[in-house]
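Trainee: Quick one: structure below, then a few questions.
The values are calculated or read from the model by the stated rules, or taken from the named source; none is laboratory data. Everything quoted here is computed from the prediction, not taken from an experiment. Here Cβ is always computed from backbone atoms with ideal geometry, including for glycine, and neighbour counts include all displayed protein chains.
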Amino acid sequence: MNMKRWIALVIAVGLFFVSIAFQFISSIATADFESMFSMEQIDDDISEKVIEEGAGTNKIAVLHLNGVIQDTTPSSFINTGAYNHKRFLEMLDKAGEDRNVSGIILRVNTPGGGVVESAEIHDKIVEIQEEYEKPVYVSMGNTAASGGYYIAAPADKIIAHNATLTGSIGVIMESFNFAELADKIGVDFNTIKSGEYKDIMSTSREMTDSEREILQTMIDDMYDDFVQVIVDGRDLSEPRVRELGDGRVYTGAQAQEVNLVDELGSLDDTIAMMIEEQELGNAKVVEYEQGLGINQFLGVSMQSMFRADSDMFEIQDLLREGNAPRAMYLYSK
């Protein structure tokens with residue numbers, strides 16, 4: 001490599017680090033430090049931020065559920081915005097156990113996710129209602145479909161925006177079949193298995209009728225559970241739920257017409273409804289946050305600097321998940 005190329009390489013590396021430093025400084029300059037350091041730490045990994053002051057000791061806790069509901073650990077500290085299932089369950093526990101919390105609002109913005117994870121959140125909500133006798137309201141964001149509706153079903157009240165996408169009641173399991181492509185490009189699959197169905201949903205061959213029947217039975221069982229959750233939570237008849245639960249999505253307005261949601265409104269409207277209906281006029285309204293403010297800030301700053309790498313980590317996670325087909329309460333377009 002001649003001298004000119006070395007000089008060009010040094011300049012490129014220098015510009016790269018200058019760019020990183022500039023983005024980091026910009027993040028610091030635009031950060032809301034007052035908000036960050038005003039959060040009260042209630043746990044090593046959970047803090048609460050006051051969004052509406054109150055005169056008494058009672059509180060309304062607002063918990064945000066964003067993203068696909070999966071029990072996966074974020075791939076790195078850069079990926080701070082990913083849904084953290086363990087942390088969300090812990091926040092529900094904290095809100096339930098806190099004697100000063102008189103009501104809980106879940107702000108749900110998710111296309112759904114894993115069957116087990118959705119059931120765990122649903123069961124935790126029911127536990128809070130029964131054991132602590134606290135009202136739980138759900139405020140739906142852009143999307144609260146499939147697993148998002150599953151966890152909303154037991155709520156004391158469901159409020160959606162007019163344009164919210166909800167419903168998508170049902171279960172889905174998918175896999176790829178690369179057999180024909182492999183034949184064309186000359187790729188052989190070698191599979192050694194202990195039983196006939198060990199490689200069920202294999203990507204290397206067509207599914208057999210008996211395999212399809214096995215999986216359909218599983219999906220039907222999970223769908224029955226979904227239907228029962230809505231029957232119990234919404235006080236609708238089973239035939240009516242099955243009629244509504246053909247997998248289609250509804251707007252918030254459509255969902256209200258068929259009694260899948262109670263009211264139309266925003267998160268602010270939901271807070272106002274809880275204050276009025278539960279007689280919590282003096283309650284302070286707080287939002288539960290994940291982690292310390294400064295740690296969140298540093299993580300988000302790093303994420304903004306390495307956005308391409310962060311997106312790549314997420315793609316790698318999806319590919320790893322895709323290797324193991326699983327049943328999902330998930331709305332996918």
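Trainee: For residues that are out of contact with any helix residue (DSSP H, G or I) (no Cβ under 8 Å at 6 or more places or on another chain) and part of a loop (DSSP other than H, G, I, E, B), scanning just the stretch 80-100, find the one that is nearest to ASN58 (Cα to Cα).
Mentor: The selected residue is ASN100.
Trainee: Still on this structure, I have one more. Which of the numbered conditions does MET218 fail, given that it passes all the others? Conditions: (1) touching a residue at least 40 places away in the same chain (Cβ under 8 Å); (2) surrounded by fewer than 16 Cβ atoms within 10 Å (Cβ to Cβ); (3) closer than 17 Å to LEU244 by Cβ.
Mentor: (3)
Trainee: Pairs only if they're at least six apart or on different chains, beta carbon under 9 angstrom, first in the stretch 37-63 and of a type in the set (Gly, Ala, Ser) and modelled with pLDDT of 85 or more, second buried (at least 19 other Cβ atoms within 10 Å of the Cβ) and in a loop (DSSP other than H, G, I, E, B); list them, first residue then second.
Mentor: Final answer for the pair search is SER47/MET39; SER47/GLY291; GLY54/LEU280; GLY54/ALA283.
Trainee: I would also like to ask the following. Looking at the stretch 284-295, can you tell me whether even one residue there is at pLDDT below 90, closer than 21 Å to GLY67 by Cα and surrounded by fewer than 16 Cβ atoms within 10 Å (Cβ to Cβ)?
Mentor: yes
Trainee: Tally up the residues in the stretch 225-253 that are of a type outside the set (A, V, I, L, M), free of Cβ contacts under 8 Å to residues at least 24 places away in the same chain and part of a helix (DSSP H, G or I), please.
Mentor: 6
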